[in-house]
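This report concerns only the one structure given below.
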Amino acid sequence: MSKKYVRIMLGKGSTFSEMCRKENFIGADFGLKEDLKSNLSEDWKEFNKKFIPIYLKEYPEKTKVAGGLACGALWTISKGLNIGDVVLSPKGDGNYLVGEVSGDYYYVPNQALPHRRNIKWYSEELPRTNMSQPLKNSTGSIGTTCDVSKHSEEIESLIKGKAPFSIVAVDSSIENVTEFAMEKHLEDFLVKNWSQTELGKKYDLFFEDGEVIGQQYPADKDRIDILAVSKDGKELLVIELKKGRASDYVVGQILRYMGFIKEEIAEKHQIVKGVIIALEDDIKIRRALSVTQNIDFYRYQINFSLKKT
């Protein structure tokens, strides 16, 4: 079983990071006041199915999405991490605590972050300034937990004190790491300028408790580039970005993401649609989309000019 690398927030704003370091643990709360040991199924979906209703009863003002994120994070910390997996936890000062999971789940009632795992913290912290931009983007994702295993090579290099890579891509589907970096810049640009786009007229970036969580939204073991919701709340929109030309394989990818959102996130009154954004298409994707419902294709344009001052 391959080692996982996971970024974990230790309380809102890293409130409990110092306590966790001193007492050698990571943990979570989410208002579930019971020992979960006998309910930690191997499948996180079974865990969510049982505990989302309990979470929503405790917090009736929350949505199904919030319940799914909370229970998913709780399962990850309590069961989804194996002994030896690496944890990165921001301290709130620009540095990260780094350590290895060293024990199984245990429950400490009436304490902060009562659902816990023991951690063997490394002596050295990891400065965020030493990270490559793709790793900074991944570790900066919204949520209590975030799988950053695709950056394992860079993280191990940083732990050993070696210079970071300028661009790191260990995904075998990425043929050109420069294009991979450009794809990420496209995502960031679109998010920052959302209100000025055609999609921004009808949709808002997905948010919860006033905080945008629709960028790099978790979906099973992958992440959706952008998740949006229509202004009337009736549609959820899955957006997949491709730098350069998009081909037919992306159709299967976005359908898988749409299926996840439909089954795990969407309320009964909501429908799920998809959008693929790329610089160009080809005959394969046009034919695939011709028999696929609820997926639109958009081309982006890049305008570049020089102005003498």
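Points worth noting:
- Among the numbered conditions (1) at pLDDT 85 or above; (2) not in a strand (DSSP E or B), the only one that Ser247 does not meet is (1).
- In region 275-303, the qualifying residues are those that are aliphatic (A, V, I, L, M) and in a helix (DSSP H, G or I), and the one that is surrounded by the most Cβ atoms within 10 Å (Cβ to Cβ) is Ile285.
- Residue within region 28-43 that is modelled with pLDDT under 95, charged (D, E, K, R), closer than 22 Å to Pro109 by Cβ and surrounded by 15 or more Cβ atoms within 10 Å (Cβ to Cβ) present: yes
- Taken over region 1-50, residues that are of a type outside the set (Lys, Arg), within 13 Å of Leu74 (Cβ to Cβ) and not in a loop (DSSP other than H, G, I, E, B) amount to 8.
- Looking only at region 160-199, and only at residues there that are in contact with a strand residue (DSSP E or B) (Cβ under 6 Å, 6 or more places away or on another chain) and among the aliphatic types (A, V, I, L, M), the one that is modelled with the highest pLDDT: Val191
- In region 250-274, of all residues being in contact with a helix residue (DSSP H, G or I) (Cβ under 7 Å, 6 or more places away or on another chain) and in a strand (DSSP E or B), the one that is surrounded by the most Cβ atoms within 10 Å (Cβ to Cβ) corresponds to Gly274.
- Inside region 189-238, residues that are of a type in the set (S, T, N, Q), surrounded by 12 or more Cβ atoms within 10 Å (Cβ to Cβ) and either touching a Pro at 6+ places or on another chain (Cβ under 9 Å) or on the phi < 0 side of the Ramachandran plot (or both) make up a count of 3.
- Yes/no for Gly67 being assigned by TED's automatic domain parsing to the domain that holds Gly143, surrounded by 13 or more Cβ atoms within 10 Å (Cβ to Cβ), more than 20 Å from Asn110 (Cβ to Cβ) and not basic (Lys, Arg): yes
Here is a yes/no grid of residues against (1) at pLDDT below 95; (2) within 26 Å of Gly233 (Cβ to Cβ); (3) in the same structural domain as Lys262 (by TED's automatic domain parsing); (4) buried (at least 22 other Cβ atoms within 10 Å of the Cβ):
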| position | (1), (2), (3), (4) |
| --- | --- |
| Pro60 | yes, yes, no, no |
| Gly94 | yes, no, no, no |
| Asp104 | no, no, no, no |
| Ser123 | yes, no, no, no |
| Pro127 | yes, no, no, no |
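- Checking each residue in region 220-244 for being part of a loop (DSSP other than H, G, I, E, B) and either closer than 18 Å to Phe206 by Cβ or not assigned by TED's automatic domain parsing to the domain that holds Ala266 (or both) picks out Asp220, Lys231, Asp232, Gly233, Lys234.
- Sub-8 Å Cβ pairs linking a first residue in region 263-291 that is in contact (Cβ under 8 Å) with a residue 12 or more places away in the chain and among the hydrophobic types (A, V, I, L, M, F, W, C) to a second residue that is buried (at least 19 other Cβ atoms within 10 Å of the Cβ) and assigned to a loop (DSSP other than H, G, I, E, B), at least 6 apart or interchain, are Ile276/Ala246; Ala278/Ala246; Ile285/Ala246, ordered by first then second residue.
- Filtered residue count, region 97-156, keeping only those that are of a type outside the set (Val, Ile, Thr), over 20 Å from Ala219 (Cα atoms) and assigned to a loop (DSSP other than H, G, I, E, B): 16
The values are calculated or read from the model by the stated rules, or taken from the named source; none is laboratory data. Here the structure is a predicted model, which is why all the values come from computation and not from measurement. No Cβ is skipped: glycine too gets one built from the backbone with ideal geometry, and neighbour counts run over all protein chains shown.
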